[in-house]
Amino acid sequence: MRQLIAAGLMLIAAGCGTTGHEPASYAPQSGVDTSAQTRARIHTELAAGYYELGNYGVSLQEAAEALKSDSNYAPALNVLGLVYMELRDDKAAETSFQRALRVSPLDSDTNNNYGWFLCQRKREQESIKYFLAALRNPLYTTPDKSWVNAGLCARQAGDLNTAEEYFQKALKVRPTQPQALFHMADMAYQRKNYPEAKVYLARLLRDIEPTAATLWLALRVERGLGDRDAEASLGFQLRKNFPDSREARALIAGRYE
């Protein structure tokens, strides 16, 4: 199961999907953008930028500056949670996310990020309720991401029926959602429903460039369907375009599962 989830995360890393977390929301905490909140917002934006660059030390400093201006600025606490999560300081990460949610319990970004933190720490059942909380906000602009994250965590926990339900909801919101399409294809493949897997892969590959993960899955689907020409063509693409990938190594070694 961990290998299946890893394949989906490789899809993310290759630029075909979305990351598990959401960037911080920088809206002021009240209807008036005071000077303190302006300073907090600016430092939070800097903290988020440094976080995305992987410069966690400076990100922590900027988030701390934001909280000096407004000690209850939820977006800064959200960024702190993300940074501490990357630094594997789980206690500090959880404290930051929980503080942010006490200030702004309906914030979709923070609910999504805290859910992802819990999922990554193998607390899947706890994580799902935060993804669903994120989705209760009617102003949430990227609900497909939380549906996908809920699906990933349900699948990681072995609850395949619920995972499929969440991926389908992501696709209802965004029919081209790449992670949902990939996992629906992969789950169909695991059930040996090769025609269904092929349909989902065709939808996926209409909108993204193939990755090692998608080519490997497509190759195994064609192998299951008995189309040796298509299998050989996909194998050629995999070896040519991703020669150092673990999928190419598995193909060369004949390890199809």
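The values are calculated or read from the model by the stated rules, or taken from the named source; none is laboratory data. All of these numbers come straight from a predicted model, not from anything done at the bench. Glycine gets a Cβ as well: all are built from the backbone with ideal geometry, and neighbour counts include every protein chain shown.
Residues that are among the hydrophobic types (A, V, I, L, M, F, W, C) and over 18 Å from A154 (Cβ atoms) within the range 164-208 comprise A197, V199, L201, A202, L204, L205, I208, listed in sequence order. Just one residue in the set A163, A197, A150 is hydrophobic (A, V, I, L, M, F, W, C) and more than 30 Å from V79 (Cα to Cα); that residue is A197.
Highlighted here are the helices (runs of 4 or more DSSP H) found entirely within the range 94-160 that include at least 1 residues which are farther than 19 Å from Q177 by Cα, among the hydroxyl-bearing types (S, T, Y) and free of Cβ contacts under 8 Å to residues at least 24 places away in the same chain: 124-135.
Of the residues A7, A40, which single one is at pLDDT 60 or above and outside any loop (DSSP other than H, G, I, E, B)?
That would be A40, the only listed residue that is at pLDDT 60 or above and outside any loop (DSSP other than H, G, I, E, B).
Looking at E124, E86, E94, just one residue is in contact with a Cys (Cβ under 6 Å, 6 or more places away or on another chain) and either within 26 Å of A163 (Cα to Cα) or among the β-branched types (V, I, T) (or both), and that residue is E124.
Just one of the numbered conditions (1) of a type outside the set (D, E, K, R); (2) surrounded by fewer than 19 Cβ atoms within 10 Å (Cβ to Cβ); (3) over 21 Å from the mean Cα position of the chain (by Cα) is not true of L234: (2). When E86 is tested against the conditions (1) in contact (Cβ under 8 Å) with a residue 24 or more places away in the chain; (2) closer than 23 Å to R39 by Cα, the lone failure is (2). Out of all the residues in the range 44-58, is one or more among the polar types (S, T, N, Q), over 30 Å from A188 (Cα atoms) and either in the same structural domain as Q120 (by TED's automatic domain parsing) or at pLDDT below 70 (or both)? Within the range 44-58, one or more residues are among the polar types (S, T, N, Q), over 30 Å from A188 (Cα atoms) and either in the same structural domain as Q120 (by TED's automatic domain parsing) or at pLDDT below 70 (or both).
For the range 229-253, the tally of residues that are out of contact with any helix residue (DSSP H, G or I) (no Cβ under 8 Å at 6 or more places or on another chain) and either in a helix (DSSP H, G or I) or within 24 Å of M184 (Cα to Cα) (or both) stands at 7.
Which is surrounded by fewer than 23 Cβ atoms within 10 Å (Cβ to Cβ) and touching a residue at least 24 places away in the same chain (Cβ under 8 Å), of E209, E196?
Details: E196 fails: touching a residue at least 24 places away in the same chain (Cβ under 8 Å).
Selected residue: E209, the only one of E209, E196 that is surrounded by fewer than 23 Cβ atoms within 10 Å (Cβ to Cβ) and touching a residue at least 24 places away in the same chain (Cβ under 8 Å).
W116: of a type in the set (F, W, Y), surrounded by 23 or more Cβ atoms within 10 Å (Cβ to Cβ) and more than 29 Å from L238 (Cβ to Cβ), yes or no?
Values: of a type in the set (F, W, Y): yes; surrounded by 23 or more Cβ atoms within 10 Å (Cβ to Cβ): yes; more than 29 Å from L238 (Cβ to Cβ): yes.
Taking the combined requirement at face value, the residue satisfies it.
Within the range 229-243, residues that are more than 15 Å from T211 (Cα to Cα) have Cβ atoms under 7 Å from residues that are of a type in the set (D, E, K, R) in these pairs: A230/E222; E231/E222; E231/R223, counting only partners at least 6 apart in sequence or on another chain.
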